[in-house]
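Chemist: Encoded as C-alpha cells, here's the structure I'll be asking about.
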Amino acid sequence: MKKNILAILILLISFISCKNKSEDISHLPIYNPKELNIKNFKNVNFNLYSLKVPKEWKKYKTEGIDSFVTRLITSDLSVISSDLGYYSNRLDNEKTTAKYYRLNNKKIKIVIPTEKGKGITGVYIENLWKKEGEMIHFNLYGIDLSEKSEKELLQVISTIEFKEF
C-alpha cells in the first residue's frame, strides 16, 4: 500500500513539474513600430505563417535541413532570412540591442544593431508551439541592412501571423 502511494506521489510530482508553465507577458508593451505604413505591402504566405512585405520584395526559394527556412530579397537586394524550428537562432549578439514586446499573445525579442547598418535586425519568438515533444521557435532577420530595409523589416514583423496548431 505504501509503495502504491509513493508511486502515485512520484507520478503526481513529475506531472506537475513537467507541466508547461506559460509566462505572464501582460506587462510587456504590444509591438507597434512607429510610422507603421503597410498600405503598399503585399501578403506573402509561407504555409506555416504569413506576413505583409513591401511590394518590391521577392521570395527566394531555399530549403532547410531540420527546420522551415525562408528568404526574402528587399528592394536594395538585402536578404531577409527566417527559421522556424527546434534550433532557431536566438539572435543574441553583443553588437545588438534587444527589447521585449508582445505580438499576437507571444513574447517577442526585437533586435537592432547598436551601430546603424552593421549587425542583425530582426525578431526572435521562443516557444511558438510544441511538436513531437519539442518546442518550435522562430526568427526573421537581416544582416547589415540599409536604413530603408531596416525600417521596412521592423514594420513587416508587426504583420506576422502564425497558423494555429
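Computed from the coordinates by the stated procedures, all read-outs in this text should not be read as laboratory data. Because the structure is a prediction, the values reported are computed rather than measured. Every residue, glycine as well, gets a Cβ built from its backbone with ideal geometry; the counts of neighbours run over all protein chains shown.
Chemist: Residues with amide H under 5 Å of Ser88's amide H, sequence separation 5 or more or different chain, H placed in the peptide plane at 1.01 Å from N; which?
Modeler: Sorted by chain and number, the residues that satisfy this are His137.
Chemist: Another question, if that's okay. Please give every one of the aspartates and glutamates within straight-line cross-link reach of Lys34, meaning a C-alpha to C-alpha distance under 20 Å, and leave out same-chain neighbours fewer than 8 residues apart.
Modeler: Glu115, Glu147, Glu150, Glu152, Glu161
Chemist: Then there's this: Could you list, in their original order, any pairs among Lys39/Lys61; Lys52/Lys109; Lys109/Lys130; Lys59/Lys148; Lys42/Lys130 whose Cα atoms are separated by more than 28 Å?
Modeler: Working: Lys39/Lys61 26 Å; Lys52/Lys109 19 Å; Lys109/Lys130 19 Å; Lys59/Lys148 18 Å; Lys42/Lys130 30 Å.
From Lys39/Lys61; Lys52/Lys109; Lys109/Lys130; Lys59/Lys148; Lys42/Lys130, over 28 Å: Lys42/Lys130.
Chemist: So between Leu36 and Tyr86, what do we pick up on full extension, going 0.36 nm a residue minus the alpha carbon distance? Spell out each step's value before the answer.
Modeler: Numbers: separation 50, 0.36 × 50 = 18.00 nm, distance 3.09 nm.
Contour length minus the Cα-Cα distance gives 14.9 nm.
Chemist: If you take every residue apart from Arg71 with its C-beta less than 11 Å away from the C-beta of Arg71, what net charge results, scoring Lys and Arg +1 and Asp and Glu -1?
Modeler: Values: positive: Lys58, Lys59, Lys61; negative: Glu63, Asp83.
Result for the neighbourhood of Arg71: +1.
Chemist: What's the extension gain from Asp76 to Glu94 if we count 0.36 nm per residue and subtract their Cα-Cα distance? Please list the in-between numbers first.
Modeler: Numbers: separation 18, 0.36 × 18 = 6.48 nm, distance 2.60 nm.
Contour length minus the Cα-Cα distance gives 3.9 nm.
Chemist: Separate question: By how many nm would the segment from Thr114 to Asp24 lengthen if fully extended, with 0.36 nm per residue of separation less the alpha-carbon distance?
Modeler: Details: separation 90, 0.36 × 90 = 32.40 nm, distance 2.84 nm.
Between Thr114 and Asp24, full extension yields an extra 29.6 nm.
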